[in-house]
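Colleague: I have a structure here, written as structure tokens, and I will follow up with some questions on it.
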Amino acid sequence: MTEHEQGGETHEHGSEPPGFFDKPSTRKAVWIVLIVLCAGFALAGFVIDTHGYFAVEGFGAFYAIFGFIVFSFIVLAGQHLRKILMRPEDYYDD
Amino acid sequence: MTDLQAVLTSPGVIVVLTALVGMGLGPTARAAVYLAGLAVSALVLVGYEQGLAISFALVDAPYLSVDLTPLRVDRLSFIFALIFHIAAALNVIYAWRISDRVQDVAGLAYAGAAIGGALAGDLLTLFVYWEITAIASAFLVFAPGTRESFGAGMRYLVVQILSGLFLLAGLVLFVSSGRGMAFEAMSLTAASGELDFAALALFLAFGIKAAFPFLHNWLQDSYPKASITGSVVLSAFTTKLAVYALARGFPGADPLIYIGAAMTVFPVFFALIENNLRKVLAYSLNNQVGFMVCAVGVGTELAINGAAAHAFVHIIYKALLFMSMGAVLYRTGTVKATELGGLYRTMPATAVFCIIGAMSISAFPLFSGFVAKSLTMSALGYEGLFFVWLVLLFASAGVLEHSGIKIPYFAFFGHDSGKRPKEAPPQMLVAMGVAAALCIGIGVFPQALYAILPYDVKYQPYTAAHVVTQMQLLLFATLAFALLIKFKLYPDEVASTNLDFDWFYRVPGRALAGWVSGASGATFNAFWAIFSGRVHAIMERIYAVHGPEGQMARSWPIGFMALWTAILLGFVLVIAFFA
């Protein structure tokens, strides 16, 4: 790539203080926020009427469970595609 | 203003001509002229009355009459033409002083052709603009000038031209069957139930550009290899012009529901294992167009609104995501996940804009994707298409995986690459900032978008049930991601090439083409050898007889002549003696 213009430089690890998102306290806070939000919206699903177009939507946590399972499935199952599809980076001679 | 003047001052023509004017200008003047041209063109567009159509009789004979309609403005063409203006303007800002003359001119001509195509009322005009988009956009793929981008550009051009040929075939079949050239809704089957080949040819032409499954690889092949600014431009126009053409030509065509649903799912898996983040975005683009194609297939007013709204917001957030990855590429020289990570430290603004794009495409409430995708999902609900709805819900979680989380996480967070590049240059930040503001603005004020949709809508995306269920889907999927990372179950990125359908034409197809070319060469040589051998043999015989050494050219000794003369004279003497 001829058009890129490099700025800054590459640092070795440990030559600077940890970035904001690398601090254990930040990571902990992110976890807490995520869990609180998940719990809150899961509960909210049972408080409000979630009935939509299909019967399954009537169950308050349908979307929560569906999202969790589908995401895990995509990641856990999808990576096995590499066994069939993965080739060296310069596989195509072009 | 006469009709001809109106056509010559229509948005498509203005923008293409503006692009050509810029050829002779310096980078700053060019950007200024381009923005001014786009503004004028947008004003012309907004000034049109809805329902305007300008037609000329191309052939007006008793047995055949064919009308040309170079300009048609209705609510469907308006929204696409408008968003194409916005995308083109964003790109002019982003590319200012970063791309070069060729790319600037090609990029805007490409945008102008897309605008002209959206406003075309007949198939011939559509065909002309269709081909300009193909040729102009190819320059953006060729732009980096590497061997890799040259190969991808050639493959890209072949596929785009193929699409144009199908369009031309459909046009010819339409005219020859006496149906004229008007570009209106059509059916894949004739009234008798037979397949209508004219419509089928158009369907394939649009399908190639919309990147239907098995016709899709040109997209993932070329977009990641285009220049930094090129991939931003490319992401906006070709596939969305195809979505427009499908919405115009085939609303409610059942096969589109299933084609679209398939398109939403399979790229999810390819995006998961892909290391090149611009290629991840290309797969994501495929998946997003799937939602639109599916909505076109449903074909109700709500669904067509969903397709148009999705195209509108998608162009903005997809451009934003490509712009952020372009900024990363510009500053670090790579967009490979294995070589990136931790860039939020020194590129915080780019990281924030990227996250806004990611949240928009994932359809978080208050972001633009939410207010558009809700229309499509509701349209599926109204029609009771449960399994299609489930597939699209599955794909929605997939979008969160590859575009919502993977792109920002691996570029800006994740494993620290140690790279500390400078923040993106100001023009990139301005373009990303405007796009991000539009993403949030549309998300917060959806009625502004709904007002320009093809059909009048009374739709409220922000109901408690909508917001809560969508937040559940996204938050619990995010929780799954966090847990998979925590327990090291999320696959590491690997520097690799992952095979897709294009393998069939790039490896066995190419070998077959090589074999066919070798075999036809050998066959020719064999026939030539036989033919030239025969000719050679004949020439040898002629030479043997008539050549300098031949019977007919032998030199006769004088003694031999004298002997023969004596024999002849003796013979004459004998005859004379007896006579």
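Colleague: Would you confirm whether or not segment B:486-493 contains a residue that is assigned to a helix (DSSP H, G or I), within 14 Å of another protein chain (Cβ to nearest Cβ) and modelled with pLDDT under 95?
Modeller: Yes - at least one qualifying residue is present in segment B:486-493.
Colleague: Taking the criterion of being charged (D, E, K, R) and more than 30 Å from B:F78 (Cβ to Cβ), would at least one residue in segment B:342-351 satisfy it?
Modeller: Within segment B:342-351 (the criterion being charged (D, E, K, R) and more than 30 Å from B:F78 (Cβ to Cβ)), the answer is yes, since at least one residue qualifies.
Colleague: I would also like to ask the following. Filter segment B:257-290 down to residues that are farther than 19 Å from B:S227 by Cα and of a type in the set (V, I, T) and give me whichever is farthest from the other protein chains (Cβ to nearest Cβ).
Modeller: B:I259
Quick grid of which residues meet (1) out of contact with any Gly (no Cβ under 9 Å at 6 or more places or on another chain); (2) of a type in the set (S, T, N, Q):
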{"residue": "B:L320", "(1), (2)": "no, no"}
{"residue": "B:S324", "(1), (2)": "no, yes"}
{"residue": "B:T334", "(1), (2)": "yes, yes"}
{"residue": "B:Y344", "(1), (2)": "no, no"}
{"residue": "B:P348", "(1), (2)": "yes, no"}
{"residue": "B:C354", "(1), (2)": "yes, no"}
{"residue": "B:A358", "(1), (2)": "no, no"}
{"residue": "B:I361", "(1), (2)": "no, no"}
{"residue": "B:S368", "(1), (2)": "no, yes"}
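Colleague: Taking the options B:L512, B:L474, name whichever one is at the interface with chain A (Cβ under 8 Å from one of its Cβ atoms), modelled with pLDDT of 85 or more, surrounded by 11 or more Cβ atoms within 10 Å (Cβ to Cβ) and within 34 Å of the chain's Cα centre (by Cα). Step through it out loud before you land on a result.
Modeller: Working: B:L512 fails: at the interface with chain A (Cβ under 8 Å from one of its Cβ atoms).
Exactly one residue qualifies, and that residue is B:L474.
Colleague: Checking the conditions here, which among B:F174, B:F166 is closer than 19 Å to B:T238 by Cβ, buried (at least 17 other Cβ atoms within 10 Å of the Cβ) and in contact with a Leu (Cβ under 8 Å, 6 or more places away or on another chain)? Give the derivation first.
Modeller: Numbers: B:F174 fails: closer than 19 Å to B:T238 by Cβ.
Only one candidate qualifies: B:F166.
Colleague: Output the residues belonging to segment B:71-118 that are acidic (D, E) and either under 12 Å from B:L35 (Cα atoms) or in a helix (DSSP H, G or I) (or both).
Modeller: B:D104
Colleague: While we're on this one: So A:A77 ticks every box in (1) more than 7 Å from chain B (Cβ to nearest Cβ); (2) modelled with pLDDT of 85 or more; (3) in contact with a helix residue (DSSP H, G or I) (Cβ under 6 Å, 6 or more places away or on another chain) but one. Which box is left unticked?
Modeller: All conditions pass for A:A77, except number (3).
Colleague: While we're looking at this one, here's another question. Exactly one of (1) at the interface with another protein chain (Cβ under 7 Å from one of its Cβ atoms); (2) surrounded by fewer than 17 Cβ atoms within 10 Å (Cβ to Cβ); (3) of a type in the set (F, W, Y); (4) within 30 Å of B:L499 (Cα to Cα) is unmet by A:F68. Its number?
Modeller: With respect to (1) at the interface with another protein chain (Cβ under 7 Å from one of its Cβ atoms); (2) surrounded by fewer than 17 Cβ atoms within 10 Å (Cβ to Cβ); (3) of a type in the set (F, W, Y); (4) within 30 Å of B:L499 (Cα to Cα), A:F68 is out only on (2).
Colleague: In addition: In segment A:40-65, which residue that is exposed (fewer than 12 other Cβ atoms within 10 Å of the Cβ) and aliphatic (A, V, I, L, M) is nearest to B:L475 (Cα to Cα)?
Modeller: Applying the filter and picking the extreme gives A:V47.
Colleague: Starting from segment A:15-35, take each residue that is surrounded by 13 or more Cβ atoms within 10 Å (Cβ to Cβ) and list its partners that are among the polar types (S, T, N, Q), counting only C-beta distances under 7 angstrom and pairs at least six apart or across chains.
Modeller: Hits for this filter: A:L34/B:T478.
Colleague: Scan (1) surrounded by fewer than 24 Cβ atoms within 10 Å (Cβ to Cβ); (2) touching a residue at least 24 places away in the same chain (Cβ under 8 Å); (3) hydroxyl-bearing (S, T, Y) for the single condition B:Y94 breaks and write down its number.
Modeller: If we test B:Y94 against (1) surrounded by fewer than 24 Cβ atoms within 10 Å (Cβ to Cβ); (2) touching a residue at least 24 places away in the same chain (Cβ under 8 Å); (3) hydroxyl-bearing (S, T, Y), just (1) comes out false.
Colleague: Right, here's the next one. Residue by residue through segment B:131-151, note down the ones that are of a type outside the set (A, V, I, L, M) and either touching a strand residue (DSSP E or B) at 6+ places or on another chain (Cβ under 8 Å) or within 14 Å of chain A (Cβ to nearest Cβ) (or both). Break it down stepwise before answering.
Modeller: Let us first name the residues in segment B:131-151 that are of a type outside the set (A, V, I, L, M), namely B:131, B:133, B:137, B:139, B:142, B:144-151.
Listed by number, the residues that qualify are B:F142, B:P144, B:G145, B:T146, B:R147, B:E148, B:S149, B:F150, B:G151.
Colleague: Does segment B:144-164 hold any residues that are hydrophobic (A, V, I, L, M, F, W, C) and without any contact (Cβ under 8 Å) to a residue 24 or more places away in the chain, and which are they?
Modeller: B:F150, B:M154, B:L157, B:V158
Colleague: Identify, by number, the condition in (1) under 17 Å from B:L390 (Cα atoms); (2) among the aromatic types (F, W, Y); (3) modelled with pLDDT of 95 or more that B:F266 doesn't meet.
Modeller: It is condition (3) that B:F266 fails.
Colleague: Another one. Give just the number: which of (1) farther than 30 Å from B:R248 by Cα; (2) assigned to a helix (DSSP H, G or I); (3) within 26 Å of the chain's Cα centre (by Cα) does B:D500 not satisfy?
Modeller: Exception for B:D500: condition (2).
Colleague: Within segment B:48-59, does at least one residue satisfy the condition of being buried (at least 16 other Cβ atoms within 10 Å of the Cβ) and not in a strand (DSSP E or B)?
Modeller: yes
The values are calculated or read from the model by the stated rules, or taken from the named source; none is laboratory data. Note that the structure is predicted; figures quoted are calculated from it, not measured. As a convention, Cβ positions derive from the backbone with ideal geometry for all residues, glycine included, and neighbour counts pool all protein chains shown.
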